[in-house]
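J.: Here it is: the structure, laid out below.
The values are calculated or read from the model by the stated rules, or taken from the named source; none is laboratory data. The shown structure was predicted, so the numbers you read here are calculated from the model rather than taken from an experiment. Neighbour counts run over all protein chains shown; Cβ positions are idealised from the backbone, glycine included.
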4 protein chains.
Amino acid sequence: MSEQVTQPADPTLESLRRRLVEFAAARSWEPFHTPKNLAAALSVEAGELLEIFQWLTPEQAASVMSDRESAHRVRDEVADVLAYLLQFCTTLGVDPLEALAAKIERNELRFPAPGAKPAPQPDVNPGVGDPPM
Amino acid sequence: MSEQVTQPADPTLESLRRRLVEFAAARSWEPFHTPKNLAAALSVEAGELLEIFQWLTPEQAASVMSDRESAHRVRDEVADVLAYLLQFCTTLGVDPLEALAAKIERNELRFPAPGAKPAPQPDVNPGVGDPPM
Amino acid sequence: MSEQVTQPADPTLESLRRRLVEFAAARSWEPFHTPKNLAAALSVEAGELLEIFQWLTPEQAASVMSDRESAHRVRDEVADVLAYLLQFCTTLGVDPLEALAAKIERNELRFPAPGAKPAPQPDVNPGVGDPPM
Amino acid sequence: MSEQVTQPADPTLESLRRRLVEFAAARSWEPFHTPKNLAAALSVEAGELLEIFQWLTPEQAASVMSDRESAHRVRDEVADVLAYLLQFCTTLGVDPLEALAAKIERNELRFPAPGAKPAPQPDVNPGVGDPPM
């Protein structure tokens, strides 16, 4: 069982992606892992991450990792979001690192840094989410 | 400007995380990047990814990458989700790869694969999301 | 205590909205009920409703109310979504019924029913969500 | 066409629910309106409402209705959330007002108001979302 092989101390995104593929295969969960179901699950988990913060003041939110239980919950939800994102990408053959690199490049053109030489502004799709305002 | 340095052809998660940090710093966007705001933004972007699939049949969803425009939209939303996840992790000092590796290990105990030697079942928190049923 | 007054058998949206206002006031929860927090909470609860359906086939989803426990969970999440929507509207002085009536009218112009006399197409914002395709 | 009948100035939730049923029927959109699709659409729209607030300070968020364009956007997203909630309830035969009334009653027992006579604490499901802390 590949699952029981000792894992490297310093995992890469690709090695984790493969472990998730094997994990689902070993449990015959692939039929559930359609792109639509995984997009829904990703959104649900992102909501669970947000839930931790919904009533917190900015100060409370900033110190959330100093409470052992909250810290565990945050890491747990981060793991879930990343797991479903990787599984989603696997079903559709999307490379998430390439997608993000390409997006950052588009955003460097869309939102030139103050003091940077003005870049030509191509007609591109919206950027890293929306600009933070 | 670090942004204009040629980027490696094969980015790692960590190199992209650092580019996002520099991107935000060069635009003085850090004040917006609180954990709560970033958790909200992550959830919003996960919703935008789901929006692509909301009315599609399973067949339409499975072939979404064969349409050039939909494929771009999917990659764009994947990039947004990953960007906000990395920025969120940066603000709180969470290592997303470690978090996911730890979660997969917990889930291998919680959901033993059929045919695997039964594992001791510790009292752990819920697994990679919920099991897919 | 208004909370202990017998409630009418057939509540209106407005009477429930007022009970929620009194409920929060009696517990001094108003400071938490900012528009941003309530929008986050609404989104979290909508995610919890979606969670019930995320791995279900269309057939399983359609019969979710025939299981007593699932039916309770669905009604519970519907109540949460509606509660936070009403509380959100209260903080900003939005009348949700008026907002929906206005939107339906805009959508009747945007998406003329087949067989209806073509309506003039004003330049309006997107409709009841997006059209279902 | 019922859609073209003059609408009452003061709509009720039930009259709007019926208009949405007729609206979808007149466009043959019912096949898309499965519980799962509508739960996804509701979640997507709640995300769009949250998007308006994601980078705002509490002060900016509180005055969002004083800007004409933001006010329109808020009302528009409130309408979308309510529309999909009503359509979701229609497909499953859930009465949202009854569900909310029942939930408020459960919450009055779960979270006794300070100064109220202590209520017996039955073993109930979690309340109007979670308590705001």
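J.: Working carefully through the options B:Leu50, B:Leu42, find the one that is in a helix (DSSP H, G or I) and closer than 21 Å to A:Arg110 by Cβ.
T.: Exactly one of B:Leu50, B:Leu42 is in a helix (DSSP H, G or I) and closer than 21 Å to A:Arg110 by Cβ, namely B:Leu42.
J.: Check off (1) within 11 Å of chain C (Cβ to nearest Cβ); (2) within 30 Å of B:Thr57 (Cβ to Cβ); (3) outside any helix (DSSP H, G or I) for A:Leu56 and give me the number that stays unchecked.
T.: Here A:Leu56 clears every test but (2).
J.: While we're on this one: Name the one entry in C:Val21, C:Val81, C:Val94 that is under 24 Å from D:Val74 (Cα atoms) and not in a helix (DSSP H, G or I).
T.: C:Val94
J.: Something else: Restricting attention to the stretch A:67-105, and to residues there that are more than 7 Å from every other protein chain (Cβ to nearest Cβ) and buried (at least 18 other Cβ atoms within 10 Å of the Cβ), which single residue is nearest to the chain's Cα centre (by Cα)?
T.: So, considering only residues that are more than 7 Å from every other protein chain (Cβ to nearest Cβ) and buried (at least 18 other Cβ atoms within 10 Å of the Cβ), the one nearest to the chain's Cα centre (by Cα) is A:Leu86.
J.: In the stretch A:31-62, which residue that is over 18 Å from the mean Cα position of the chain (by Cα) and under 17 Å from C:Phe53 (Cα atoms) is surrounded by the most Cβ atoms within 10 Å (Cβ to Cβ)?
T.: A:Phe32
J.: For D:Leu86, all conditions in the list (1) at pLDDT below 95; (2) in a helix (DSSP H, G or I) hold save one; what is the number of the exception?
T.: Going through (1) at pLDDT below 95; (2) in a helix (DSSP H, G or I) one by one, D:Leu86 breaks only (1).
J.: A follow-up question, please. Which one of the conditions (1) at pLDDT below 95; (2) more than 21 Å from C:Trp29 (Cβ to Cβ) does D:Asp67 fail to meet, given that it meets all the rest?
T.: Exception for D:Asp67: condition (1).
J.: For the stretch A:6-65, which positions are touching a residue at least 24 places away in the same chain (Cβ under 8 Å) and polar (S, T, N, Q)?
T.: Answer for the stretch A:6-65, where residues must be touching a residue at least 24 places away in the same chain (Cβ under 8 Å) and polar (S, T, N, Q): just A:Thr34.
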